[in-house]
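Working notes for the structure below.
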Amino acid sequence: MNLIGISINHRTAPIELREAVHLSTDEITELTIILKEEIFTDGFILSTCNRTEIFGYPKKNFLNASEIIDQLLKFKPVKNIANSNFNKYFNCSAVKHLFMVASGIDSLIIGDSQILGQTKEAFQLSEDLSFTGTILKRLADTTIKVGRRAIKETNVSEGAVSVSYAAVQVVEKIFADLSTKSALVIGAGETGELAATHLFDKGVSRLAISNRTLSKANALASKLKADVVSFERLAENLHQFDIIFSATSADGFVIQQDVVKNAMRKRRGSPIVLMDIAVPRDIDPASRELENVFYNDIDSLNIIVSQNLKKREEEIPLVQNIIMDEMINFFSWFNTLDVVPAIKIVREFFEEMGSDELSKIKNKISEDDYLKVEDMTRRLIGRLLHNPIVKLRELAETGTNLQDAASHSLMIKTLFNLNGADKTKLNENSNED
Amino acid sequence: MLETIHFLNTALPLFYLATFIVYFLDFKKQKKTLHNSKRIFLFLSLLFHLFYLLSRTFEFSHVPITNKFEIFTILAFSIACSYFLLELFSDIRGTGVFILGFSVLFQIASSLFIEDLIEVREVLRSPLLGIHVFSALLGFAGLTMAAVYGVLFQLLYKRIKLNTFGIFFEKLPSLETLEKLNFYSVIIGFILLGIAIGIGVIWLPVAFPDYSYLDPKLVSTLMVWIVFGIGIFMKIVIGWYGKKVINFFLVGYTIALLSMFLSNVLAKSFHSFY
């Protein structure tokens with residue numbers, strides 16, 4: 001196997017360089033055509049905000065990974081990028097790297113499940129561009145399988161790893177059913193938008209946005225089908241909401257303790273969740289002293305995030321076991337490809353010999369007898385070839401006896417004088433399987 | 001039959017212990033495999049326990065309610081069975097470890113000291129007494145479960161308020177869910193205790209010529225029932241919720257324990273059989 005590839009990611013390059021080499025779908029399509037013409041028979045390109053990966057099977061026997069980098073940089077020139085900003089992979093290490101990427105353990109945030117979808121899309125695009133052969137298709141399937149198994153069989157993608165999602169996690173520990181709760185997000189900036197999106201995705205019954213600049217609140221509200229609450233009249237509307245996220249860039253407190261106290265009085269003590277995800281803080285932390293008021297700031301939410309990240313890290317060995325499992329399966333299958341042409345040639349040789357002999361007696365015996373002899377010949381060939389074929393496949397599948405498999409293939413071909421078989425035919429056969 | 005009863009008597013604490021361990025492991029590690037299989041453990045334990053109770057009833061010709069240790073095995077069964085039904089209908093599976101520990105303790109105590117009683121007082125052979133005791137025990141099992149959920153609610157409430165996100169934060173269901181479970185358990189306990197009191201009041205004059213409606217056990221049980229009734233009223237009609245109602249029911253449960261202790265240990269009456 002001579003799979004070769006390069007990767008630029010968060011471990012090898014700063015964000016500026018990663019952004020600079022990022023490829024859009026159109027760019028991937030264009031580059032694929034170039035790679036197909038120049039260096040690869042088949043391959044694929046994966047490009048996300050955190051990584052760009054190019055893998056493929058070279059047309060020539062000895063391809064230097066630097067040639068792939070050259071092609072990439074020729075297509076998308078980037079200043080100040082060095083060869084050392086790319087990791088290079090070949091054969092086993094390439095397969096292992098792909099499995100690690102798909103399972104999320106190579107991601108900036110361990111267990112990132114988005115990467116699996118992105119990998120799937122990358123393989124799909126490659127297939128759409130007729131850039132995949134049998135081996136790459138199998139590799140794609142196994143890579144996706146590894147990603148799925150990692151999510152299903154381990155907790156590597158469990159738990160919130162962003163502050164706004166951790167806040168939602170806390171809310172879910174207080175309220176059982178968010179579809180019966182109303183939420184207010186104060187601040188329509190990036191953090192506020194993320195929080196509002198999480199709450200929207202969780203299906204809160206009513207979502208409202210409040211922002212000092214009304215137009216921004218309106219824009220976010222229309223995006224998420226939310227209401228708008230006037231920033232100036234926050235205090236008198238606070239009691240209407242069970243969940244309040246605040247993420248403004250205000251210098252002082254936007255919500256004082258007495259405002260919360262009043263709201264609680266109007267709510268007749270019904271629980272309220274205050275998530276202060278702003279720096280500096282928006283909500284008076286003394287609010288947490290009130291009964292049935294659940295207050296969290298960015299520090300306390302960061303505790304959850306770091307706990308979850310630690311737990312994800314602890315799952316890495318389990319994911320690595322899955323990767324090892326699937327590498328064994330993949331290479332067992334791959335190794336059998338080496339013996340498939342030999343098996344085909346021997347079988348064809350025997351079948352040809354059989355039909356040759358049958359044709360000699362065809363006109364000398366009755367049709368019924370001929371059918372019986374033909375059937376017997378077919379069964380005889382099957383029985384004669386059964387053990388050698390099974391043994392050859394076994395030798396190849398175990399993986400450790402690759403040399404044995406090769407020498408046995410050669411031995412069989414020598415014994416039956418099949419060494420003259422056209423090598424290109426062998427390769428064609430290999431590709432067909 | 002006797003051999004089977006003796007075998008099950010020894011095996012039941014082990015069944016419950018195994019179930020408890022599976023629930024504990026699931027709570028601690030939350031393995032997907034244990035998540036479903038633990039319910040099978042509990043179901044099988046209950047099935048064996050039911051068979052054991054029926055076997056005892058037929059073999060000794062009386063419902064196993066004639067001494068403390070027979071009551072203990074029924075209490076173990078009632079708690080586990082109530083939890084099983086609650087888990088089945090609510091599909092909230094993370095709290096079993098806190099409930100099933102009671103079943104393990106009661107069953108161990110019962111299995112160690114239970115005797116094969118054939119000779120019992122005639123009054124204890126009455127099927128009406130069987131229903132009375134069963135419903136009372138199931139009622140107390142319900143209230144015990146409510147108390148456990150109440151304590152879990154308090155634990156989680158404090159942890160969220162103080163931002164200490166440990167295992168309880170991670171593994172317990174939400175506060176609202178715990179409050180619901182607490183309330184459902186109270187309702188079950190209240191209804192069953194009501195049935196027990198009702199049967200007791202009707203059957204009392206028939207069974208005991210020297211009966212008195214001022215019997216300490218009857219009065220204390222009625223008091224507990226009224227306290228929980230007030231709690232239910234406050235929640236449904238007045239709209240109490242959260243910590244306030246949980247605390248009220250916890251106080252109710254403490255009164256129930258105290259009154260049971262006082263009426264069983266200190267006051268002697270016709271209502272004492274053991």
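The values are calculated or read from the model by the stated rules, or taken from the named source; none is laboratory data. Just so you know, these numbers come straight off a predicted model, no measurement behind them. Cβ: placed from backbone, ideal geometry, glycine included. Neighbour counts: every protein chain shown. Quick note on the areas: whole protein, heavy atoms, side chains included, nothing else; ligands and nucleic acids left out. Shrake-Rupley method; radii C 1.70, N 1.55, O 1.52, S 1.80 Å.
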Q) In Å and whole numbers, how far do the C-alpha atoms of the protein assembly as shown stretch along each principal axis, longest first? A) 113, 82, 41
**Q.** Coarse-grained scattering of segment A:100-190 at q = 0.12, 0.21 Å⁻¹, given as base-10 log I(q)/I(0) from a Debye sum over alpha-carbon atoms
**A.** -0.56, -1.00
Q) Given 25 °C and 0.890 mPa s, how large is the Stokes-Einstein diffusion coefficient of segment A:1-143 in µm²/s, with Rh as the Kirkwood radius over Cα pairs? A) 165 µm²/s
Q. What total accessible surface area, summed over both chains, is buried at the interface between chains A and B, computed with a 1.4 Å probe and given in Å² to the nearest 100?
A. 2000 Å²
Q) Å³ per residue of the Cα convex hull, for segment A:163-311? A) 102 Å³
Q. Roughly how many percent of the accessible protein surface of segment B:79-150 is carbon and sulfur, given a 1.4 Å probe and a whole-percent answer?
A. 73 percent
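Sorted by average packing, counted as other Cβ atoms within 10 angstrom per residue and highest first, what order do B:198-207, B:226-235, A:351-360 take? Working shown, then result.
Working: B:198-207: 15.0, B:226-235: 17.0, A:351-360: 12.0.
Descending mean neighbour count gives B:226-235, B:198-207, A:351-360.
So if R0 is 25 Å, what FRET efficiency would residue A:256 and residue A:299 give, r being the distance between their Cβ atoms, rounded to the nearest 0.05?
On the way: r = 20 Å, r/R0 = 0.80.
Result of the calculation: an efficiency of 0.80.
In square nanometres and to one decimal, what's the mean projected area of the convex hull around the Cα atoms of segment B:1-120?
Numbers: hull surface 27.6 nm².
Across all orientations, segment B:1-120 yields a mean hull projection of 6.9 nm².
Based solely on its DSSP helices, what 222 nm [θ] is calculated for chain A when runs of n ≥ 4 H residues each add -39,500 (n - 2.57) and the sum is averaged over all residues, nearest 500 deg cm²/dmol?
On the way: 16 runs with 245 residues, N = 433.
So the calculated ellipticity at 222 nm is -18500 deg cm²/dmol.
Within 10 Å of each Cβ of B:157-166, how many other protein chain Cβ atoms are there on average? Write down the numbers at each step before the final one.
Numbers: counts 5, 0, 1, 8, 8, 2, 11, 2, 11, 1.
Per-residue shielding by partner chains comes out at 5.
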Q: For segment A:279-295, list whatever residues lose no less than 30 Å² of accessible surface once every protein chain is in place, relative to that chain by itself, with the probe at 1.4 Å.
A: A:288, A:291, A:292, A:294
Q. Any idea what the relative contact order of segment B:126-274 is, in percent, if you count C-alpha pairs under 8 Å spaced at least 6 apart?
A. 31 percent
Q. Heavy-atom accessible area of residue A:180 with all protein chains present, probe 1.4 Å, nearest 10 Å²?
A. 80 Å²
Q: Calculate the mean, over all residues of peptide A:267-277, of how many other protein chain Cβ atoms lie within 10 angstrom of the residue's Cβ.
A: 2
**Q.** Percentage, to the nearest whole number, of Cα pairs in segment B:78-167 over 17 Å apart
**A.** 64 percent
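Could you calculate the contour length gain from residue A:362 to residue A:144, that is, 0.36 nm times the residue separation minus the distance between their Cα atoms, to one decimal place in nm? Show your work: numbers first, answer last.
Numbers: separation 218, 0.36 × 218 = 78.48 nm, distance 5.34 nm.
Fully extending the segment from residue A:362 to residue A:144 adds 73.1 nm.
Kindly rank A:185-191, A:111-117 from highest to lowest mean number of other beta carbons found within 10 Å of each residue. Before the final figure, lay out each step's value.
On the way: A:185-191: 23.3, A:111-117: 18.7.
Top to bottom by mean Cβ count within 10 Å: A:185-191, A:111-117.
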(Q) Tell me the per residue accessible area of segment A:4-156 using a 1.4 Å probe; a whole number in Å² is fine. (A) 45 Å²
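Per residue, how many Å² of accessible area does chain B show with a 1.4 Å probe? Kindly include the intermediate steps, with their values, before the conclusion.
Details: 12640 Å² over 274 residues.
With the other protein chains kept in place, chain B gives 46 Å² per residue.
Please compute the alpha carbon radius of gyration of segment B:27-186, then divide it by the globular-protein estimate 2.2 N^0.38 Å. Two decimals is fine. Walk me through the intermediate numbers first.
Numbers: Rg = 17.9 Å, N = 160, 2.2 N^0.38 = 15.1 Å.
Against the empirical 2.2 N^0.38 Å value, I get 1.18 for segment B:27-186.
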Q: Provide A:138, A:11 ordered by accessible surface of protein heavy atoms (probe 1.4 Å), highest first.
A: A:11, A:138
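So what is the calculated 222 nm ellipticity per residue for chain B, using -39500 (n - 2.57) for each DSSP H run with n of 4 or more, over all residues, to the nearest 500 deg cm²/dmol? Please report the intermediate quantities before stating the final value.
Details: 9 runs with 209 residues, N = 274.
Using -39500 (n - 2.57) per qualifying helix, the result is -27000 deg cm²/dmol.
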(Q) Suppose we compare each residue of segment A:170-187 in its chain alone and in the full protein complex with a 1.4 Å probe; which ones drop by at least 30 Å² of accessible area? (A) A:173, A:174, A:176
Q: Describe numerically, in nm with one decimal, the distance between label points set 7 Å from Cα along Cα→Cβ at residue B:210 and at residue B:116.
A: 3.4 nm
Q) In whole percent, how big is the carbon plus sulfur part of the accessible area of segment A:1-56, probe 1.4 Å, protein atoms only? A) 50 percent
Q) How far, in degrees from 0 to 90, does helix A:114-128 lean away from the longest principal axis of the Cα atoms of chain A, to the nearest 10? A) 40 degrees
Q) Hey, what does the equivalent ellipsoid look like for segment A:340-379, semi-axes from the Cα gyration tensor as sqrt of 5 times each eigenvalue, largest first, whole Å? A) 24, 10, 4
